[in-house]
Amino acid sequence: MTDRSADAIAAAEALGLTFEVTRHGPVRSLEEAATARGVPPAAVIKTLVVRLSDDDFRLVLVPGDREISWPKLRALLGVSRLSMPPADVARDVTGYERGTITPLGSTHPWPVVADEHLAGTVSIGGGAHGVALSVGAGDLVRALDAVVADVTDPVG
């Protein structure tokens, strides 16, 4: 496993973000990550890689208590088909392995879609297992020039 937390932190600094780094041990679920980071599950942001075509991807920021709504995301992106790439492809196109993916320091600046339910202080992956950055949701969205839209549904 590669620790690219220095890249994610450097990217956050380069974007002028004010953030706090949290380092914790291994976690097996989003709920464990929230507890380890001292935030509610909704504040844990999942960065999901979505493939539009063989060489076109988006990074989607999803609150921990929500899941992608494929119909909403397809409508937003104007496509009839989307998929999540295999783990090796996600790593190849971001430089991060699953569980550590973040738009901060990604090896390619893929466009970012942020669900409109991101709010307050959020905890986003920091480029390595057990590393997260806490940052204001609005600041993160602005710094990433993310498209904000309703692209999720509540989990369950």
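Taken over region 130-152, the criterion of being surrounded by 17 or more Cβ atoms within 10 Å (Cβ to Cβ) and outside any helix (DSSP H, G or I) is satisfied by GLY130, VAL131, ALA132, LEU133, SER134, VAL135, GLY136, LEU144, ALA146, VAL148, VAL151, THR152.
Residue under question is PRO109, and the condition is that it be modelled with pLDDT under 95 and assigned to a loop (DSSP other than H, G, I, E, B); does it hold? The answer is yes for PRO109.
Selection within region 91-107: residues that are of a type outside the set (Ser, Thr, Tyr) and free of Cβ contacts under 8 Å to residues at least 24 places away in the same chain. The member of this set that is surrounded by the most Cβ atoms within 10 Å (Cβ to Cβ) is ARG91. Looking only at residues in region 1-18 that are of a type in the set (A, V, I, L, M, F, W, C) and in a loop (DSSP other than H, G, I, E, B), the one that is nearest to ASP145 (Cα to Cα) is LEU15. Filtering region 116-146 to residues that are under 21 Å from LEU77 (Cβ atoms) and touching a Pro at 6+ places or on another chain (Cβ under 7 Å) leaves HIS117, LEU118, LEU144.
Residue check: SER29 meets all listed conditions (1) under 23 Å from PRO154 (Cα atoms); (2) modelled with pLDDT of 95 or more; (3) of a type in the set (S, T, N, Q) but one, namely (2). Can you confirm whether SER80 is assigned to a loop (DSSP other than H, G, I, E, B), among the small types (Gly, Ala, Ser) and crowded, with 22+ Cβ neighbours inside 10 Å? No; evaluated as a whole, the condition is false for this residue. Filtering VAL93, VAL131, VAL79 for residues that are touching a helix residue (DSSP H, G or I) at 6+ places or on another chain (Cβ under 8 Å), modelled with pLDDT of 95 or more and on the phi < 0 side of the Ramachandran plot leaves a single hit, VAL131.
Taken together, the criteria exclude ALA119 from residues that are of a type in the set (A, V, I, L, M), surrounded by 17 or more Cβ atoms within 10 Å (Cβ to Cβ) and either outside any helix (DSSP H, G or I) or in contact with a helix residue (DSSP H, G or I) (Cβ under 9 Å, 6 or more places away or on another chain) (or both).
For region 19-68, give me each residue that is part of a loop (DSSP other than H, G, I, E, B) and either buried (at least 16 other Cβ atoms within 10 Å of the Cβ) or touching a Pro at 6+ places or on another chain (Cβ under 9 Å) (or both). Steps first, please.
Initially, region 19-68 is screened for residues part of a loop (DSSP other than H, G, I, E, B), giving 24-29, 38-40, 54-55, 64-65.
Across region 19-68, the qualifying residues are VAL27, VAL39, GLY64, ASP65.
ALA75 passes every criterion in (1) out of contact with any Asp or Glu (no Cβ under 6 Å at 6 or more places or on another chain); (2) more than 23 Å from ARG28 (Cα to Cα); (3) surrounded by 21 or more Cβ atoms within 10 Å (Cβ to Cβ) apart from (3).
The values are calculated or read from the model by the stated rules, or taken from the named source; none is laboratory data. Quantities reported herein were computed from a predicted structural model and do not represent experimental measurements. Don't worry about glycine lacking a Cβ; one is built from the backbone with ideal geometry, like all the others, and counts go over all protein chains shown.
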